[in-house]
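Comments concern the structure below.
The values are calculated or read from the model by the stated rules, or taken from the named source; none is laboratory data. Fair warning: this is a prediction, and the values are worked out from it, not measured in the lab. Cβ sites come from the backbone with ideal geometry, for glycine too, and all protein chains shown count toward neighbours. Each accessible area value is taken on the protein alone, full model and side chains, heavy atoms only, with ligands, DNA and RNA left out. Shrake-Rupley method; radii C 1.70, N 1.55, O 1.52, S 1.80 Å.
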Amino acid sequence: MDLLKINLNHIAIIMDGNGRWAQDKGLERTAGHAAGEESLSRTIHWALDNKLKWLTVYAFSTENWMRSSDEVEFLMFFNRDLLIRRRDEFNELGVRFHFLGDLEDNKIPDENKVLMSETEELTSSNSKLNLVFAFNYGSHNEIHSSIQKFVNDNRNEVDLNSVSNKFRNYMYIPEMPDPDLLIRTAGEQRLSNFLLYQLSYTELMFFKTLWPEFGENQLNEAAEEFSKRKRTYGNA
Ligand code: IPE
Ligand code: IPE
Ligand code: MG
């Protein structure tokens with residue numbers, strides 16, 4: 001499918017169902033996160049093969065800190081291990097990494113912070129695919145921090161009419177276009193604090209498939225379904 005022709009520029013994915021996948025197999029929940037790595041790799045390759053420009057994946061939410069300390073520790077370890085093992089491979093394929101979230105939070109281990117900023121730097125001149133890792137991301141936090149920065153910068157000349165023009169410049173990644181398509185796996189039909197501002201006119205698709213089972217077939221199906229949707233943005 002020619003994604004350019006169908007105006008599919010940015011896909012965002014809520015990668016859900018790792019824990020259930022593992023539990024169904026009698027394994028620890030963390031085994032499901034490990035298994036999700038291959039689905040992510042398949043998805044990145046599909047995006048490159050189909051010349052998608054932006055792919056955003058929800059890797060860890062601001063609410064995920066509430067999980068057991070074992071699971072949180074595993075996820076922190078897993079996210080840095082993934083970068084260490086695979087960033088060169090994706091760098092060579094022309095992938096530019098971005099990290100979306102409250103990356104200064106004290107809860108994030110320093111090693112993760114260093115790896116994320118090194119990976120952004122390493123891949124900063126790539127342009128085939130922008131891969132956005134939403135990490136310690138929560139839409140409420142993003143909106144609140146944007147308001148704080150906006151108010152700070154505009155203290156002396158608060159022109160409230162300019163809010164709508166300037167607000168985007170204060171979001172975590174101002175140059176990130178709004179997603180055209182949001183996919184959530186594993187059957188839940190909710191946003192879980194993901195990109196609430198940016199998803200205003202995004203097409204939503206929900207798959208029953210658990211994230212570790214997700215791949216090219218579902219992505220092709222999603223693109224096909226997207227090509228049939230009529231986006232009117234409030235127009236008749
Ligand atoms: C998504 O899978 C991955 C993260 C939230 C990190 P879950 O871990 O939420 O899996 P389920 O929803 O419990 O099956
Ligand atoms: C959303 O999934 C967060 C990520 C996929 C990283 P959750 O599994 O945490 O969301 P809820 O609890 O089902 O809403
Ligand atoms: Mg879940």
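Between LYS230 and ASN9, what FRET efficiency follows from the Cβ-Cβ distance if R0 is 22 Å, with the result rounded to 0.05?
It comes to 0.80.
Mean separation of Cα pairs under 8 Å and 6+ residues apart, divided by the residue count of the chain: what relative contact order is that in percent?
Relative contact order comes out at 29 percent.
Once amide H atoms are built 1.01 Å from N in the peptide plane, which residues 5 or more positions from LEU100, or in another chain, come under 5 Å H to H?
Under 5 Å from the amide H of LEU100: PHE133, ALA134, PHE135.
State the antiparallel share, in %, of DSSP beta bridges confined to the chain, rounding to the nearest 5.
Percent antiparallel among DSSP bridges in the chain is about 0.
With all protein chains present and a 1.4 Å probe, how do LYS149, LYS166 order by accessible area, largest first?
On the way: LYS149 85, LYS166 60 Å².
In descending accessible area the options line up as LYS149, LYS166.
In a GNM of the chain with a 10 Å cut-off on Cα contacts, which of SER164, SER145, SER39 has the highest mean-square fluctuation?
Of SER164, SER145, SER39, the most mobile in the Gaussian network model is SER164.
Per residue, how large is the accessible surface of the chain? Use a 1.4 angstrom probe and give square angstrom.
52 Å²
Between VAL163, VAL72, VAL95, find the one with the highest GNM mean-square fluctuation for the chain; connect C-alpha pairs within less than 10 Å.
Greatest mean-square fluctuation among the candidates belongs to VAL163.
Taking a label point 7 Å from the Cα of HIS45 along the Cα→Cβ vector, which residues of segment 89-104 have an amide N closer than 16 Å to it?
Answer for this model: 89-95.
Per DSSP H run of n ≥ 4, the term is -39500 (n - 2.57); total these for the chain, divide by its residue number, and report the mean residue ellipticity at 222 nm rounded to 500 deg cm²/dmol. Before the final figure, lay out each step's value.
On the way: 7 runs with 97 residues, N = 236.
It lands at -13000 deg cm²/dmol.
Where Rh denotes the Kirkwood radius from the mean inverse Cα pair distance, what is Rg over Rh for the chain?
On the Cα set of the chain, Rg over Rh gives 0.96.
Of ASN126, HIS10, ALA47, whose Cα points farthest to the positive end of the dipole of segment 10-228 (charges on the beta-carbon: +1 Lys, Arg; -1 Asp, Glu; origin at the Cα centre)?
Of the options given, the answer is HIS10.
Starting with the highest mean, order 108-119, 174-185 by the number of other Cβ atoms within 10 Å, averaged over the residues of each peptide.
174-185, 108-119
What's the center-to-center distance, using Cα atoms, between segment 78-107 and segment 118-173 in Å?
Going from one Cα centre to the other spans 19 Å.
Tell me the carbon and sulfur percent of the accessible area for segment 10-228, rounded to whole percent, probe radius 1.4 Å. Please list the in-between numbers first.
Numbers: 5040 of 10790 Å².
Reported share for carbon and sulfur atoms: 47 percent.
List, in order, the whole-Hz ³J(HN,Hα) value for each residue of segment 115-120 obtained from phi through the Karplus relation with A = 6.51, B = -1.76, C = 1.60 and θ = phi - 60°; use x for Gly and Pro.
Values, residue by residue: 4, 5, 6, 4, 5, 4 Hz.
Any of LYS208/LYS228; LYS5/LYS228; LYS53/LYS128 with alpha carbons more than 18 Å apart? Name them for me.
Numbers: LYS208/LYS228 20 Å; LYS5/LYS228 12 Å; LYS53/LYS128 7 Å.
Going by Cα-Cα distance, LYS208/LYS228 fall outside the 18 Å limit.
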